[in-house]
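The values are calculated or read from the model by the stated rules, or taken from the named source; none is laboratory data. All figures in this text were calculated on a predicted structure; none of them were measured in a lab. Cβ: placed from backbone, ideal geometry, glycine included. Neighbour counts: every protein chain shown.
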Amino acid sequence: MNVPHLAGPADAVLAGCKAALALAEGDPLIELVGTSDSAERIMAGHKAASDRGAAIVVGPMTRAGVSALAASGTLRTPTLALNEPEQAVALPENLYTFGLSIGAEARQVARSAWASELRKAVVVQSTTALSKRAAKAFAQEWFVLGGRIGDVLEFGTQADLTVIRERLAKSDADLIFLAASPDRARVARPYLNIQIPVFATSQINSGRVDPLTNLDLNGIRFVEMPWLVQPDNVTAMIFPRPDGLAPELQRFYALGIDSCRIASEFLNRRLPIQLEGVTGTLSLRPTGYVQREAMQAIFRDGSGVAYVPRVPRVPRVAR
């Protein structure tokens, strides 16, 4: 994809895909089709791949590109898009989607917090579009579950965060959902009520181990891919880790691994799809969306690590 800001991620996805296909059955061939982020170029690239006899197309990566495919009607070639459409729509025949949706993660966080018997939340969000999308998805799922949101607090780069501290000091919430990038989360965390557990999506994790810089993030629970928080994961250990790949690109390398593992399942007609992936537990829904259940994680010593919730011990009664 010839989009400057996606060049690095696209290269990482391609590298991960090659790593997955190197271990796949039948030695499948991979061909790269260059496009731009325009709907016309996306559709032209897809048609060209189909005309050349592609058994399955993997991509595009942008939400706009996926929206173009979703609006095009039935596709001739099975296609695994690596994002979700800009609007929730029914997918046409032969179109499937898989990606690292921040909204899906936020909904998973809501379900996890609810399962921990937490019921009243406060949402703290930065002003970016991604943070607002995560916060909206969390709130929607939280309300469906029956939860309450006592306050929504937004902060920008020039915000007076003492206002947030004062509001939270009076709050009876039993969890905070924090939607912010790592840099903004580190700024906001000291102003959050330390008595209230904080939950987040992988948006909060840069993937870098830095005990000093990430000190304020310690204790925050979030969801993340096994590739980043559990290096000794059985599936993750199968695939090589490229030397020198920046932490922010490791996500896309892992996305490439799992996307081409899913594509291989399609090629070998192994349906329904159920995989333990390096990005999470993967399953193909009847709607065509591949559901990804990310791993529970927590910040400890400045690093995101896998988290196993404690199960209350039931006392034994002697007889």
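Pick from Ala55, Ala68, Ala64: which is touching a helix residue (DSSP H, G or I) at 6+ places or on another chain (Cβ under 8 Å), in a loop (DSSP other than H, G, I, E, B) and over 22 Å from Ala294 (Cβ atoms)?
None of the others qualify; the one that does is Ala55.
Return the residues of the stretch 249-268 that are more than 10 Å from Ala12 (Cα to Cα) and in a helix (DSSP H, G or I); say none if nothing qualifies. Break it down into steps so the answer makes sense when it comes.
Filtering the stretch 249-268 down to residues more than 10 Å from Ala12 (Cα to Cα) leaves 258-268.
Asp258, Ser259, Cys260, Arg261, Ile262, Ala263, Ser264, Glu265, Phe266, Leu267, listed by residue number.
Determine whether Leu168 is of a type outside the set (D, E, K, R) and more than 23 Å from the chain's Cα centre (by Cα). Spell out how you get there, then give the answer.
Values: of a type outside the set (D, E, K, R): yes; more than 23 Å from the chain's Cα centre (by Cα): yes.
Considered against the rule, which asks whether it is of a type outside the set (D, E, K, R) and more than 23 Å from the chain's Cα centre (by Cα), Leu168 comes out as yes.
Among the numbered criteria (1) surrounded by fewer than 13 Cβ atoms within 10 Å (Cβ to Cβ); (2) touching a strand residue (DSSP E or B) at 6+ places or on another chain (Cβ under 9 Å); (3) modelled with pLDDT of 90 or more, which one does Pro226 miss?
(1)
Please find, within the stretch 136-171, the residue that is farthest from Leu118 (Cα to Cα) out of those that are surrounded by fewer than 16 Cβ atoms within 10 Å (Cβ to Cβ) and of a type in the set (A, V, I, L, M).
Val163
Among the candidates Val122, Val109, which residue alone is touching a residue at least 60 places away in the same chain (Cβ under 8 Å), assigned to a strand (DSSP E or B), within 14 Å of Phe199 (Cα to Cα) and among the hydrophobic types (A, V, I, L, M, F, W, C)?
The conditions single out Val122.
Can you tell me which residues in the stretch 125-174 are free of Cβ contacts under 8 Å to residues at least 40 places away in the same chain, assigned to a helix (DSSP H, G or I) and among the small types (Gly, Ala, Ser)?
If the condition is that a residue be free of Cβ contacts under 8 Å to residues at least 40 places away in the same chain, assigned to a helix (DSSP H, G or I) and among the small types (Gly, Ala, Ser), then Ala129, Ala137, Ala139, Ala169 are the ones that fit.
Of the conditions (1) modelled with pLDDT under 95; (2) out of contact with any Pro (no Cβ under 6 Å at 6 or more places or on another chain), Arg208 clears all except one; give me its number.
The one condition Arg208 does not meet is (2).
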